[in-house]
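Down below is the structure, laid out as structure tokens.
Laboratory data are not the source of any read-out in this text; all were calculated from the coordinates shown. These numbers were taken from a predicted model, which means no experiment stands behind them. No Cβ is skipped: glycine too gets one built from the backbone with ideal geometry, and neighbour counts run over all protein chains shown.
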Amino acid sequence: MIEMQDAAYGYGAEPLLSGLSLHLAPGSFHFLTGPSGAGKTTFLKLCYAELLPTGGQISIFGHTATGLSRDGIADIRQRIGVVHQDCQFLDHLPLTENIALPLTVTSKGGLVQESNLNELIGWVGLSARANAKPPELSGGERQRAALARAIIMDPDLILADEPTGNVDWDMSLRLLNLLVELNKLGKTVVIATHDLALIRAAKQRVQARVLRIQGGQIISAGADL
Amino acid sequence: MSLRKDLLGLMRGDSQADRVVPRSGQSARLTLATSAAMAFLAVFAMALSMASGRLADRWSDALAQSSTIRISAPPAELEAQTWAVLTVLEQTPGIESARALSDADQQALLAPWFGPDLPLDDLPIPRLIEITETTDGYDADGLRLRLAAEAPGAVLDDHSRWRTPLAEAAGRLRILGWLALVLILGATAAMVTLAAQAALSANAQVIRVLRLVGARDSYIALAFVRRFTVRALTGAAVGTGIGLLAIAILPSARDTAAILTGLSFSGTGWLWPLIIPPLSAATAFTATRIAAFRTLRGLQ
Ligand SMILES: Nc1ncnc2c1ncn2[C@@H]1O[C@H](COP(=O)(O)OP(=O)(O)OP(=O)(O)O)[C@@H](O)[C@H]1O
Ligand SMILES: [Mg+2]
């Protein structure tokens, strides 16, 4: 899926992340932790080519990130479902259309079954809010909508940035279960989170690796949790 | 990024895709209104060009190559002087033909003013000789001198010759009309480019979201291109309609030589303005497409 070789990234001259070497295997389940400001969001952006490495190499689905054209980036994004930390929506469209947006922009809009879409919206508990515009939603509702949008394309890779940051524990578990189910269907999942309880809960359900960003490096933190 | 795909997408339309870019009332109304105004002006530029074209043709064909000689002499000398003039004309280079109008011709000419029962024989009516010149023309001053010597009662009236510069001016006016049309299309392109750029910049966040969910630039560009093309087409259709109506109700006079009353279309000429809306749409399509791809390349 994603392969990093000594990759580095810095917003300015100073590198924020460096010496990143890892392999996200197909069907694996990863957590990404680290203090606020450590670079979790930055790491995920490198994975979906929102940012390009300033050093080393990243390959996404076998394509070198720095060598991708605009269309090439669009194409790999159609295979990656992303839950953005700041939940990016089109504020003028109702929730249903926002969730179906990845299908709309790839002209697969006609392929989505209304019932499937409704089922998905029901799954994330938003049936009652289906016609609301994103600015009318609570933070938790937006996060759930973002998760629904991330998985509607049936992506190979799901990157979720704090997907449970604003929801209660029950809903967190519900969303986690959804991601675990998808992982069992063969999808690769990466979740960035501060929530250690969520990681512990996940470990009872799935074999998850925990990556920790510390001092600009990625370290494996399996045992201490 | 293929042009063919864009054109197909444009015609097919995609109501879902149309909605991904929010409707911005201001720029939509401005584009519509400006396209309408430009099309309205284009109709007039076209009418001006066609009317002056007709005028130029008429003046240069019918008038610039003919003149008349008027012979006023006592009835006894009239016949002799007419013969003398015709002989002179025969020997003058640059004259294709000369014809003395018969009494019947003259009667017909005068009938509208004096009625059909004019006693032509009793009146000292001058004799008229109609000259058609060759394309090279003749030397009017030389001819006048010879006529003065051979037929003192003959006066050369080359009234039509002064129309040559008029015909030329009308020809220029026709070119200016077409030039105005080109300028109007250019201004439409500039206006649509600015409006499209403004719309793209105002929607930077929308474009960001679309890219995040995997939209290609061609898809995003087409959403804008389609919208501006439809606006330009609609505006231009309205403007052309109003322009045609305005021209149709212009008062028309029989004297079509007058530029003001001649400002109209004739026959199939009325069909020409119908190309203005598609032309505006094509201009808007091209301008928006170029602006969209340039702006999208610049947006990170
Ligand atoms: N566009 C940017 N320009 C400059 N600096 C940035 C930019 N985005 C993030 N940073 C900085 O990079 C660092 C890492 O940011 P990042 O968002 O990756 O952290 P994070 O681990 O996701 O934090 P959090 O847990 O709070 O979401 C922070 O110090 C942040 O201020
Ligand atoms: Mg973050």
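Between B:ASP57 and B:ALA246, full extension at 0.36 nm per residue minus the direct alpha carbon distance yields a gain of 65.5 nm. Taking all Cα pairs closer than 8 Å and separated by 6 or more residues, the relative contact order of region A:87-225 comes to 20 percent.
Residues whose amide H falls under 5 Å from that of A:VAL82, counting only those 5 or more places apart or on a different chain, are A:LEU159, with hydrogens built in the peptide plane. Mean projection of the Cα convex hull over all viewing directions, computed for region B:73-152: 5.9 nm². Under the simplified labelling scheme, the B:ARG294-B:ASP157 pair shows an inter-label distance of 6.2 nm, with each label point 7 Å from Cα along Cα→Cβ. For A:GLY55, the amide hydrogen comes within under 5 Å of the amide hydrogens of A:ALA8, counting only partners 5 or more places away or on other chains and with H modelled in the peptide plane.
The distance separating the Cα centre of region B:65-122 from that of region A:144-158 comes to 98 Å. The largest-to-smallest principal axis extents of the Cα set in the protein assembly as shown are 138, 47, 30 Å.
Residue by residue, region B:40-54 carries 3J(HN,Hα) couplings of 4, 5, 4, 4, 5, 4, 5, 4, 4, 5, 6, 5, 6, x, 4 Hz when phi is fed to the Karplus relation 6.51 cos²θ - 1.76 cosθ + 1.60 (θ = phi - 60°); x denotes Gly or Pro. FRET efficiency for the A:LYS203 to B:SER24 pair, using the beta carbon distance and R₀ = 35 Å, is estimated at 0.10. Working ranking of peptides B:176-187, B:32-43 by packing, defined as the average number of other Cβ atoms within 10 Å per residue, highest first, is B:32-43, B:176-187. For A:PHE31, the residues whose amide H sits under 5 Å from its own are A:ILE191, A:ARG209, A:VAL210, A:LEU211, ignoring neighbours fewer than 5 places away on the same chain, with H placed 1.01 Å from N.
For chain B, the longest principal axis of the Cα atoms and the long axis of helix B:163-202 meet at an angle of about 10 degrees.
Highest GNM mean-square fluctuation among B:LEU110, B:LEU48, B:LEU173, for chain B modelled with Cα contacts below 10 Å: B:LEU110. Take the Cα of A:ASP170, go 7 Å toward its beta carbon, and the backbone nitrogen atoms of region A:120-160 under 13 Å from that spot belong to A:125. Treating each Cα of chain B as an identical point scatterer and summing with the Debye formula, the log10 of I(q)/I(0) at q = 0.09, 0.11 Å⁻¹ comes to -0.64, -0.77. Comparing B:ALA108, B:ALA189, B:ALA56 in a Gaussian network model of chain B, where Cα atoms under 10 Å apart are tied by springs, the biggest mean-square fluctuation is seen for B:ALA108. Across region B:114-195, the volume of the C-alpha convex hull divided among the residues equals 173 Å³ per residue. Basic side chains Lys and Arg get +1 at the Cβ, acidic Asp and Glu get -1 at the Cβ, and with that the dipole of chain A about its Cα centre reaches some 340 debye. Over the C-alpha atoms of chain A, the Rg to Rh ratio, Rh being the Kirkwood estimate, stands at 0.95. What the Cβ-Cβ distance of B:GLN205 and A:ASN116 gives, at R0 = 25 Å and to the nearest 0.05, is a FRET efficiency of 0.30. In chain B, excluding the sites themselves, the longest stretch lacking any of the trypsin sites (Lys or Arg not before Pro) that are in a DSSP loop with at most 13 other Cβ atoms within 10 Å is B:24-253. Counts of other chain beta carbons within 10 angstrom of each beta carbon in peptide A:95-104 average 3.
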